[in-house]
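Please read the structure below before turning to the comments.
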């Protein structure tokens, strides 16, 4: 084995850094090593990833509390009522929920 002095990584028999020989496990190890070394070498990327993670925490953690209320627990008390509501919402087409729409499951063919 020889050492790549610029990166400080030991290189394998094929001359590629971090490649494990053969099989799915070897490819998984090579992919992990590739990403690990890439993230270690980042300078600006680390700051950008921190910003992305902070934004995701704010979007899914904080905003969920204010904009997505717990509708099922506040409206229904038993599990059967909650299940019936969810089943009705999943199986009923959206156009039937609008006022003035006739409950018609098959479209009317056009007149010729």
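Looking across the range 32-44, the residues that are part of a helix (DSSP H, G or I) and loosely packed, with under 12 Cβ neighbours inside 10 Å come down to 35, 36, 38, 39, 40, 41, 44. Cβ-Cβ below 6 Å, separation at least six or inter-chain, first residue in the range 44-72 and closer than 30 Å to residue 85 by Cα, second in a helix (DSSP H, G or I): which pairs? What qualifies is 72/82.
Just so you know, all these numbers are worked out from the coordinates, no wet-lab data involved. What you see is a predicted model, and the numbers here were worked out from it, not measured in a lab. Because the Cβ atoms are built from the backbone with ideal geometry, glycine has one as well, and the counts that use them run over all protein chains shown.
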